[in-house]
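Worksheet for the structure shown next.
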Amino acid sequence: MLLSKEINKTEGVSESSVVMGTRENKSILEASGLLIKDFEATSDNDLLICIKADNEKIIQNVFDNMDSLFKNIRHNKEDTGEISPKSFDGAIQSMPEANLSLISVAGKYAAREAMKALKSGLHVMIFSDNVSIEDELKLKQYAASKGLLVMGPDCGTAIINGAPLAFANVVNRGNIGIVAASGTGLQEVSCIISNEGAGISQAIGTGGRDVKKEIGGIMFLQALQALNEDKETEVIVLVSKPPHEDVLNKIAAEIKKIKKPVVAIFIGGSAEVIEKSGAIPASTLEETALIAVALSKGKKIDNIKSDLQKSDEAIKRQATALLKNKKTTQIYLRGLFSGGTLCDETQLILKDYIGYVYSNGPLNKDFQLKDAWKSEKNSIVDFGEDEFTVGRPHPMIDYTLRNKKIVEEASDPEVAVILLDVVLGYGSNMNPAAELVPAIKKAKAISPDIAIICSITGTENDPQNRADVKTQLEGAGAIVMHSNAAASKLAAFIIK
Amino acid sequence: MEILSIGDFFTPGTYQLHSHFSKVVNYSCNKNLISVVCSEIGNGPVNIVVSESGNLSDEKIIISKNKISGDTFSIDVSNANCYNSSIDANDIRQIDIDFIIKNLSPLLIKNASELSLTVLLDDSRRINFSSSFEKEFLRKMISGAEKMNDAHFIEAIKTFAGCGFGLTPSGDDFITGMLNALFILREISGNKNLDSLRNKILQEAESENIISSNAMKMAANGRFHERMKNMIFALSEKDENKIHSNCHQLLTMGETSGADMLTGFLYTFVVENRFNYFSKY
């Protein structure tokens, strides 16, 4: 079927069918006028390629190019690179100087491959999820004993020595080091830092479970120590969901030993322990980045809170202007997110303005969506959760489901705001505007007064180019804010 | 190459290379098939899961009880992880047909690829069949479904078998799913006549296409690929999250194969629910 689709792209081809040469398929071909005499001698195991075109020359050209058509399919399906070793040993042979291995295989096999890499003296990033917590603990204990890092499992983002790994952005190199147990949190902070003119020395992901009691923050602490020892790192940023109390105490104890300034955001967690440890707490990812930038440039941070307040006032005025268009029946907000941490941050910000909202990963269990596909009142859905991603690409890559939902939400007369995150960088969809613009236009055509608010996590050096994406989304009628926090606040002011 | 696990339904013999894909290498011996697959494809009754299937280029491999060998390798498998492809009747007796229909139908209709046989569950998908081959194929498949509705099962199988897209034609995948469902219905109803119906269906549907014939043979024998087995357990446990994730896993099989198989599986339950043909067969 894929080959048929590829053949149909050829100019002059009106129809094609690529099927096995079973008697039954031949009878269908006959009924549809596509059976030729040459097919009569074929068997169930032969592949029949039938093409209807304007003339025979076109058909001949298609057959002459059949190899490249097959290659196109393979390329589309596998996205092959120049070197594609089939095993860990093969990868090591093709790159003996490697000191880090990125593991992305089915979860049940990932631990085994990761251990192979560690035993070969390599740091490891495990992109795979579905690795048992027991295996994670074993790997991290072994790595710690050898002075190696294990980033993950389920670690989506890291920037090591300037190399973006997995989902990561092209950011400036600089003197700010990040340890994060949160992938999109790391991306948002590193992008804002870069967009503000500062840069990243290292950004080390640990995987979200690292800060849970069972793992005890083994890698979070190891990464923190590594950044403390790293000469290029002058400011350290910590990003995570709230760690387990025991882990938080260990992190606080480690921070106390560090002389470099440390900025920390434990999204939704208490700032008290952070402050006691001597680190600077922040309440949003944007604030975290701005504090880190000021510190990295040797500036005072006293003005940041008042600058953000001024920014909030401006957002409020923007909301007031937008409210003029809102119908009285439009009362709800629908957030459709691809980044889990951004989804959490938005819920926290909204809580302060409009209270808890429904979600498939709610802050308050009473607000659990019964069905993640069906929004209720104010709802924020994380399309990166398993119910949406098993068996299909991550929503940062494949916009299909979210686009469908954008149009569906716009058809609900009670919806005033659709809030979206757009995450750029390596690994993400290479042309998000081309994916989103038709859906946004359709939504605006259905509901012209609806506010579609986006944040873009990315930089102008990303392959997608943040500025280009912004221009295209705005051209479609979306409102693009400079951060997820700002986008969330604008949405909150409109709904409030 | 390292063997991670092996299936439990191999026939020993000397197998010749049949077809080579990036993640699957098939070998055949008479009417038997074995598939050397990478971990992403997963376990199956005749699958050998290896660490690097794409590298395997041996023209033949020899399967014996304790050893698998080729031109370039010889591996002792006496202690290899063995995948159990059968399903214990006690694990599925509580399966609820209403629940299956209610939960699986919307998932399939929402996510199956456009030209899959899910069209038999949702008329609005007919619009996707636009070329003359597709229209004629659709006409035939609808007629097959109508024969099932009229309890003319063997006639329905004759209509479905060998028809449609893919290396395993859509109709064959549908029959594989149907055979899987009939196994479950046999276990929950205790109706032994369904064993003979499964055999009749297999006899009617088998063809020279060794890959789809093999899949149907496994299904008729109550043997399941890991993805299908997981789905059946999820349905038995009524675990909606697992149903969701397993459905998506199955839908990634081929362009339409997973969807066609799930449609055959579900359609059999729909027919049973409406007419009780199978429990009374």
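Quick rundown of the values:
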{"item": "Residue count for region B:109-135, restricted to those that are facing chain A (nearest Cβ under 10 Å) and closer than 18 Å to A:Lys5 by Cα", "result": "10"}
{"item": "Of residues in region B:1-24 being out of contact with any Lys or Arg (no Cβ under 8 Å at 6 or more places or on another chain) and of a type in the set (Ser, Thr, Tyr), the one surrounded by the fewest Cβ atoms within 10 Å (Cβ to Cβ)", "result": "B:Thr11"}
{"item": "Residue ranges of helices (runs of 4 or more DSSP H) in region A:17-92 with at least 1 members modelled with pLDDT of 85 or more", "result": "A:23-31, A:56-64"}
{"item": "Region B:160-186, residues that are at the interface with chain A (Cβ under 8 Å from one of its Cβ atoms) and part of a helix (DSSP H, G or I)", "result": "B:Gly171"}
{"item": "Pick from region B:66-113, criterion of a type in the set (Gly, Ala, Ser) and under 18 Å from the mean Cα position of the chain (by Cα), ranking: surrounded by the fewest Cβ atoms within 10 Å (Cβ to Cβ)", "result": "B:Ser86"}
{"item": "Flag if B:Met148 is assigned to a helix (DSSP H, G or I), buried (at least 23 other Cβ atoms within 10 Å of the Cβ), in contact (Cβ under 8 Å) with a residue 60 or more places away in the chain and out of contact with any Asp or Glu (no Cβ under 6 Å at 6 or more places or on another chain)", "result": "yes"}
{"item": "Tabulated pairs, region B:248-277, first farther than 18 Å from B:Val119 by Cβ, second small (Gly, Ala, Ser), C-beta under 6 angstrom, 6+ apart or interchain", "result": "B:His248/A:Gly391; B:Gln249/A:Gly391; B:Thr252/A:Gly391; B:Tyr277/B:Ala151"}
{"item": "A:Ala476 being crowded, with 22+ Cβ neighbours inside 10 Å, closer than 23 Å to A:Lys326 by Cα and among the small types (Gly, Ala, Ser)", "result": "no"}
{"item": "Any hit, region B:203-216, residues being under 21 Å from the mean Cα position of the chain (by Cα), more than 29 Å from B:Asn32 (Cα to Cα) and either at pLDDT 95 or above or away from every other protein chain (no Cβ under 12 Å) (or both)", "result": "no"}
{"item": "Hey, B:Ser212 surrounded by fewer than 21 Cβ atoms within 10 Å (Cβ to Cβ) and hydroxyl-bearing (Ser, Thr, Tyr) or not", "result": "no"}
{"item": "Scan of region A:96-115 for residues that are modelled with pLDDT of 80 or more and more than 10 Å from chain B (Cβ to nearest Cβ), ordered by number", "result": "A:Glu97, A:Ala98, A:Asn99, A:Leu100, A:Ser101, A:Leu102, A:Ile103, A:Ser104, A:Ala111, A:Ala114, A:Met115"}
{"item": "Strands (runs of 3 or more DSSP E) completely within region A:155-262 that count 3 or more residues being surrounded by fewer than 24 Cβ atoms within 10 Å (Cβ to Cβ)", "result": "A:163-166, A:173-180"}
{"item": "B:Ser35, sole failed condition from (1) of a type in the set (Gly, Ala, Ser); (2) over 22 Å from the mean Cα position of the chain (by Cα); (3) more than 14 Å from chain A (Cβ to nearest Cβ); (4) surrounded by 15 or more Cβ atoms within 10 Å (Cβ to Cβ)", "result": "(2)"}
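The values are calculated or read from the model by the stated rules, or taken from the named source; none is laboratory data. These numbers come from a predicted model, not from an experiment. Cβ: placed from backbone, ideal geometry, glycine included. Neighbour counts: every protein chain shown.
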